[in-house]
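Contents: one structure, followed by commentary.
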Amino acid sequence: MTATIGEARRDELAGRLAGAVLATLDLQAVYVGDRLGLYRALEDGGPATAPELAARSGIHPRYAREWLEHQAVGAILDVDDVQAAPDERRYTLPAAHAMVLTDPESPWLLAPLSRFVVGTAATMPRLLDAYRTGEGVDWADYGADVVEAQEGINRPQFHHLMGEWIGALPDIAEKLRSGKGRVADVACGTGWSSISIARHFPEVAVDGIDIDAGSIARAKAHAADAGLDGRVSFLFADAASADGEGRYDLVTIFEALHDMARPAEVLAIGRRRVGLGPADGLGVGADDGRAHEEAGEVLADGERVVGVREVRVVRDLLIADVRDQLDRRANLERGVQVEVAAVLAVGEPEQVGDAVRILQRRGP
Ligand SMILES: C[S@@+](CC[C@H](N)C(=O)[O-])C[C@H]1O[C@@H](n2cnc3c(N)ncnc32)[C@H](O)[C@@H]1O
C-alpha cells in the first residue's frame, strides 16, 4: 500500500516536472518570437512563408522555417497547407493570439512574461551567491529582460484601470482634474503608471521616483514618446530618502512595496509627501487571493487589523506595524508571502476604502 502511494506521488511529480520543462521550452520559443519581432512582423505584414518572414524580420531563412514549424505544431500559429513544400507553407498569427502576443495595451498580453523566464534564468549565478551569502540581488541586476517583462505585463492594467482606481477617490480625482494636483508615483519603474496618471488627468503633474537608473532612463524615453515630458518628470532616487514633504496630493506605489528593502521608511515618507501623520489613512491592496487569505490571518492584530484580504483601510495603521508585516524574511519564515499590489497614501481614509476595493480586482 505504502509502495503504491509512493509510486503515485513519484509519478505525479515526474509528470509535473516534465510538463514544466515542456512549458518552459514553449516560453523560450515565445521569447524568440517576441524579441526578434516575428509575431509583430506577422501581425503587421499578414500571413507569410518562411522566406517572406525572414526577409521581413531580418533573420536567417533556415531559422525562420524552424521557428514557424515549431509555432504551428504548438498551435500558436495557423498553417494553410501542411502538404505544401516547406518554404511554400504560409503561416498566420490568429487575431485572438495577437491579443496575447503583440498588443502592448491588451489586457490579455502575456508574451512579456517569457522575458521573466529567460531573464531570471540568466540571474541564477547571482541568486546562488545570494543564497550562500545571505545578501540580496538588486532589481537592476535582473537585467533588461526582467525590467521589460514587468513593464509589459503591468502597462495594460495601468492603461485600462488607472482612471477607475483614482476615480474612486472623488476629492482627489476632482483636485487632479482641476489642474492643481501633483502626484508622486513611487517606485515607478519604467514609468507607465506615471504616464497613465497623466493621461487620465490632463492637467496634473506627476513625479515618478525609482532607485533603478536604467528604469528611469527608459521612463524618460516613454514620456518623451508620449509627448508628456513637460508634465511627467522622473527622478532617480531612493524613495526611502528622497524629499518632497507636503508637496503632493496623492502618493502611489504600484506592485513595488514587496520589492523594497525598507518599505516602512518608504511608506513613512509617502505619508509626509501628502502631509499625513502616521495616524492618517493608508490604503493597501494585495494582488493574490491566496496571499490575501494567508496574510489576513497573520496580519490580524486586535484594533489595528490590516485586512489585507478585504483590503480595508485603517486610520491607525502604524508604520511600525507595517514594518513587521512587510518584513519579507519574517513572513517567509512563517511561510507567508505578502504581495502588495498598490498603496495609495491620501488624506481621506474613508475614500481610500473604495479605491483599494477596486484594486482588489487584480486578484482571482
Ligand atoms: C516590480 S517593480 C514595479 C515597477 C512599477 N511600479 C510597475 O508596476 O511596473 C519594483 C520597482 O521598485 C523599485 N524600488 C525598489 N525599492 C525602491 C526604493 N527604495 N525607492 C525607489 N524605487 C524602489 C525598483 O527599482 C523597481 O523599479
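Residue by residue, the range 152-161 carries 3J(HN,Hα) couplings of x, 7, 8, 3, x, 5, 4, 4, 8, 10 Hz when phi is fed to the Karplus relation 6.51 cos²θ - 1.76 cosθ + 1.60 (θ = phi - 60°); x denotes Gly or Pro.
Fraction of C-alpha pairs exceeding 21 angstrom in the range 2-102: 40 percent, rounded to a whole number. Per-residue Karplus couplings for the range 17-30, computed as 6.51 cos²θ - 1.76 cosθ + 1.60 with θ equal to phi - 60°, are listed in order as 5, 4, x, 5, 5, 5, 5, 5, 5, 4, 5, 5, 5, 5 Hz, Gly and Pro entered as x. Here the Karplus relation 6.51 cos²θ - 1.76 cosθ + 1.60, evaluated at θ = phi - 60°, turns the backbone of the range 45-52 into coupling constants of x, x, x, 8, 7, 4, x, 5 Hz, with x for every Gly and Pro. Directionally averaged projected area (the range 138-228, Cα convex hull): 5.6 nm². In this calculation the C-beta distance from L13 to D138 is compared with R0 = 45 Å, giving a FRET efficiency of 0.85. Amide H contacts for G208 (H built 1.01 Å from N in the peptide plane; partners 5 or more residues away or on another chain; cut-off under 5 Å): D185, S233, F234, L235. For D78 and D103, the difference between the fully extended length at 0.36 nm per residue and the C-alpha to C-alpha distance is 7.1 nm. Hey, quick one: spin label on A85, modelled 7 Å out along Cα-Cβ, who in the range 23-52 has an amide N within reach, i.e. under 18 Å? What the label zone holds, given the 18 Å backbone N cut-off, is 48-52. Using a Förster distance of 51 Å, how high is the FRET efficiency between Y131 and A55, based on the Cβ-Cβ distance and rounded to 0.05? After rounding, the FRET efficiency stands at 0.65. Taking amide H as placed 1.01 Å from N in the peptide plane, L250 has its amide H under 5 Å from the amide H of R182, A184, each at least 5 places away in sequence or on another chain.
None of the figures in this text is laboratory data; all of them are computed from the coordinates on show. Predicted model only: the values in this text are computed from it and were never measured. No Cβ is skipped: glycine too gets one built from the backbone with ideal geometry, and neighbour counts run over all protein chains shown.
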